[in-house]
Amino acid sequence: MNLASYRFSPSHEWCNKEANGNIAVGITQHAVEMLKDLLYVQLPKVGSATKAGESCAEIESVKSVGNLYAPCDGTVAEVNEALTGDPMKIADDPYEKGWIVKIKPTGSLADNLMSHADYEKLLAEEGA
Amino acid sequence: MAALSPPTPLPIGEKRRITSEESPLSYVLNTPADQQEMLKTIGVKSIDELFETIPAAVRLKKPLDIPPALSEMPMTDEMVRLAKKNLSPDQAVCFLGGGSYDHFIPAVVDQIAGRGEFYTAYTPYQAEASQGSLQAFFEFQTLICQLTGMDVANASLYEAGSGMFEAALMAHNSIDGKSRILVAESVHPEYRQTVNTYLANLEPKAVSVPTPDGILKPEALVAAIDGTVSCVVVQSPNFFGNLEDVEALAKIAHDKGVFFVLVADPVSLGLLKRPGDCGTDIVVAEGQGLGTPMQYGGPFLGLLACKNQFIRKIPGRLVGQTTDKNGKTCWSLTLQTREQHIRREKATSNICSNQGLIALRATVHLAALGPEGMKETAELCVQKAHYAASELAKVPGIKLKHPGKPFFKEFTIEVNKPAEPLLAKLLSKGYHAGLALGRWYPALFNCITVAVTEKRTKAEIDGLVAAYREALAG
């Protein structure tokens, strides 16, 4: 998979700008492996506001609830309804079909985002 | 030989407080130095400052007046003396209600709930190690779902009042952009007070809908719901004993796009249409009438059940049935991601346990009675309460406050004298003759609710009527 255009956060989200300018957001393969059995994804309402660095969705696994932090200010343009019935779709394909929200940005991306290579380096440093 | 005289009580003697330093039994040291250190740690100057949020009117402004320690024998006498101040329903015929009722408790309830395995267990922190408790709670949930006609029930809450708040908040949090919760004034005043206390520091506000006719009129509800309302809370049978038109009220709520929360009486559900079949979204109830005696302020039992759509917002514990690695049936806590220990600051409820022993009593009680027994109990309540109402209505000076309104086991009468002194007089004749309403509804200072359970005999009811007749004639 070519993740060259993807940007990664230290809290294990990815984001990727789509052709129409919206930013797709999901969680990384590493996050999927840490969370193990995904049970439920609490999606935001389309049209609700997002703020960079603040939670815009929740991902529940057996023993934890994780936040999905938005990479930018904006509004929720789309949510991945397919995840409501089957959150494990994220685990099957975290970078494409497993997207969680798409944000119509009003600002630039948070400045702590990194390239795939740097993210891999971070994981290696963390001993993952 | 001198006649035996009763032993004179031990002199109370000089009052002397045992300080924590000198008491050999003190496990928690609380010396002035300890206090100063604790205050300093949390950044408060004095104990008075620490308690500033507690209204001054309810603060004790002197040290607790604790007499010196007693040995076991005089202590036993003292406890017996104190216990005798309470006039239990065994000693005076009980027509009290208002949320706590004198229903019969089959012996099997105490027998099973009194077993050490259940009786001594505190809420299990490694829950799955206590399969017996989990099985009992799973059965409890199943029975509550069957009784209420709802999809899912939790493993119980503390009592109906806080349960009503939890239900209202669940509904409120399931709908965006609303600011008010409507509560019928015919709902138990103390439940409403509990909700207001919880809401004091939260966003939504509870608003009362007046019920001058003793029920919430459908047109009053229609008028009260505006765009700011998230849910409607109604109690049936309500605090006055009257049955609300639950189906009509639920329909109004749903037509207006708001949720419908019902406070029910589980004993009435042996006869009445189940809340789930009347369009209720979330039902709560006081479960004391299911196997737990009336005793001061509790313990009580909060029942909460709801439609599937609210499952992720249910407070408290939820037990599921599954199979272990050998394929054997077993039980586990489920949906724990709703709970505080996982959700942390995002948790919407601080309930993280359940009312284990009292829920167990309800489970045994429901299982012992079965659907037939529940129906029979409810029928007896209805028949006896209606007999009592019709007889009381014949007494000069008494009239039914809400004549013609359907009721279950409790009803409101209006007397031609202030209620409180009248009830005191009747108590001296051996009757807990009812509950005066003036405490909560000043305009109803001469109104009394009378509750009649299946335990009351015709002779007791006739005795009550005669006692009222005599007291009002005098």
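Side notes on the structure shown:
- Percent of Cα pairs in region A:77-128 per distance bin of 5 Å, from zero to the largest separation: 5, 16, 15, 18, 20, 18, 8, 0.
- Taking every DSSP beta bridge that has both ends in the protein assembly as shown, the antiparallel portion is near 70%.
- Dipole check for region B:208-326: with +1 at the C-beta of Lys and Arg, -1 at the C-beta of Asp and Glu, and the Cα centre as origin, the magnitude is about 520 Debye.
- Here's how it looks for B:Val207: its modeled amide H is under 5 Å from those of B:Ile181, B:Leu182, B:Val183, which are all 5 or more places away or on a different chain.
- Theoretical FRET efficiency, 1/(1+(r/R0)^6), r = Cβ-Cβ of B:Ala121 and B:Lys417, R0 51 Å, to 0.05: 0.50
- All aspartates and glutamates inside 17 Å of B:Lys62 as judged from Cα atoms, apart from same-chain residues fewer than 8 positions distant: B:Asp48, B:Glu49, B:Glu52
- Modelled this way, with points 7 Å down the Cα-to-C-beta line, the labels at B:Lys346 and B:Arg59 are 3.9 nm from one another.
- Total charge dipole magnitude, the protein assembly as shown, about the Cα centre, Cβ charges on Lys, Arg, Asp, Glu only, Debye to nearest 20: 1540 debye
- Surface accessible to a 1.4 Å probe, A:His12 within the full protein complex, Å²: 20 Å²
- Potential lengthening between B:Ser390 and B:Asn308 on full extension [0.36 nm per residue; Cα-Cα distance subtracted]: 25.3 nm
- Cross-link table A:Lys63/A:Lys104; B:Lys401/B:Lys455; B:Lys251/B:Lys273; B:Lys84/B:Lys384, entries beyond 21 Å C-alpha to C-alpha: A:Lys63/A:Lys104; B:Lys401/B:Lys455; B:Lys84/B:Lys384
- Length-normalised contact order for region B:184-250 - Cα pairs under 8 Å, 6+ apart - percent: 41 percent
- Estimated FRET transfer efficiency (B:Lys429, A:Val62; beta-carbon r; R0 45 Å; 0.05): 0.15
- Ligands, DNA and RNA aside, B:Thr194 has an accessible area near 40 Å² when probed at 1.4 Å.
- Quick note on region B:91-199: its Rg to Rh ratio, both from C-alpha atoms and Rh being the Kirkwood radius, is 1.03.
- Along its first, second and third principal axes, ordered by size, region B:289-396 spans 65, 37, 30 Å in Cα coordinates.
- Rg ratio (alpha-carbon, reference 2.2 N^0.38 Å) - region B:142-215: 1.21
- For region B:299-324, residues shielded by at least 30 square angstrom of accessible area compared with the chain on its own, probe 1.4 Å: B:Arg312
- Cα shape, region B:23-95, gyration tensor, a/c 1.5 rule: oblate
- Apportionment of accessible area to carbon and sulfur, region A:1-95, percent (1.4 Å): 50 percent
- The phi torsions of region B:214-226, fed into the Karplus equation with coefficients 6.51, -1.76 and 1.60 and a -60° offset, translate into couplings of x, 9, 7, 6, x, 5, 5, 5, 3, 5, 7, 7, 10 Hz, rounded to whole numbers, with Gly and Pro shown as x.
- Relative contact order, percent, chain A [alpha-carbon distance under 8 Å, six or more residues apart]: 30 percent
- Region B:249-334: trypsin sites (Lys or Arg not before Pro) falling in loop per DSSP and having at most 13 other Cβ within 10 Å: B:Lys273, B:Lys325, B:Lys328
- Residues in region B:356-380 reached by a label modelled at B:Thr322 [backbone nitrogen below 19 Å; 7 Å Cα→Cβ]: none
- If the segment from B:Met79 to B:Lys399 were pulled out straight at 0.36 nm per residue, it would be longer than the present Cα-Cα gap by 111.0 nm.
- Per residue, the convex hull spanned by the alpha carbons of region B:392-454 comes to 98 Å³.
- Panel values: region B:172-252, Kirkwood radius from alpha carbon pairs, Stokes-Einstein at 10 °C and 1.306 mPa s, translational diffusion coefficient 123 µm²/s.
- Computed [θ] at 222 nm, deg cm²/dmol, chain B (DSSP H ≥ 4; -39,500 (n - 2.57); rounded to nearest 500): -11000 deg cm²/dmol
- For region B:35-51, Karplus couplings with θ = phi - 60° (6.51, -1.76, 1.60), whole Hz, Gly/Pro x: 4, 4, 5, 5, 4, 4, 4, 8, x, 10, 6, 9, 5, 4, 5, 4, 9
- Gyration tensor (alpha-carbon) shape descriptor, chain B, a/c threshold 1.5: rounded
- The charge dipole of chain B, taken about the Cα centre with unit charges on the Cβ atoms of Lys, Arg (+1) and Asp, Glu (-1), comes to about 440 debye, rounded to the nearest 20.
- Projected onto planes of every orientation and averaged, the convex hull of the alpha-carbon atoms in the protein assembly as shown covers 39.2 nm².
- With the Kirkwood sum run over all distinct C-alpha pairs, region B:349-414 has a hydrodynamic radius of 14.7 Å.
- Computed over region B:347-474, relative contact order equals 26 percent, with contacts defined as Cα pairs under 8 Å that lie 6+ residues apart.
- Calculated SAXS-style log₁₀ I(q)/I(0) at q = 0.15 Å⁻¹ - region B:217-311, Debye, Cα scatterers: -0.61
- Region B:420-474: radius of gyration over Cα atoms, expressed as a fraction of 2.2 N^0.38 Å: 1.16
- Translational diffusion of region A:4-103, µm² s⁻¹ [Kirkwood Rh, Cα pairs; Stokes-Einstein; 37 °C; 0.692 mPa s]: 250 µm²/s
- Kirkwood hydrodynamic radius of region B:208-254, Cα pairs, Å: 11.0 Å
- Database remark: amide H of B:Lys401 closer than 5 angstrom to the amide H of B:Thr412, B:Ile413, B:Glu414 (H placed geometrically; neighbours at sequence offset of 5 or more, or on other chains; Pro and chain starts carry no H).
The values are calculated or read from the model by the stated rules, or taken from the named source; none is laboratory data. Being a predicted model, the structure only gives us computed values, none of them experimental. Ideal geometry is used to build each Cβ from the backbone, glycine not excepted, and the neighbour counts take in all protein chains shown. Please note that ligands, DNA and RNA were not included when accessible areas were found on the heavy atoms of the full protein model with its side chains. Shrake-Rupley method; radii C 1.70, N 1.55, O 1.52, S 1.80 Å.
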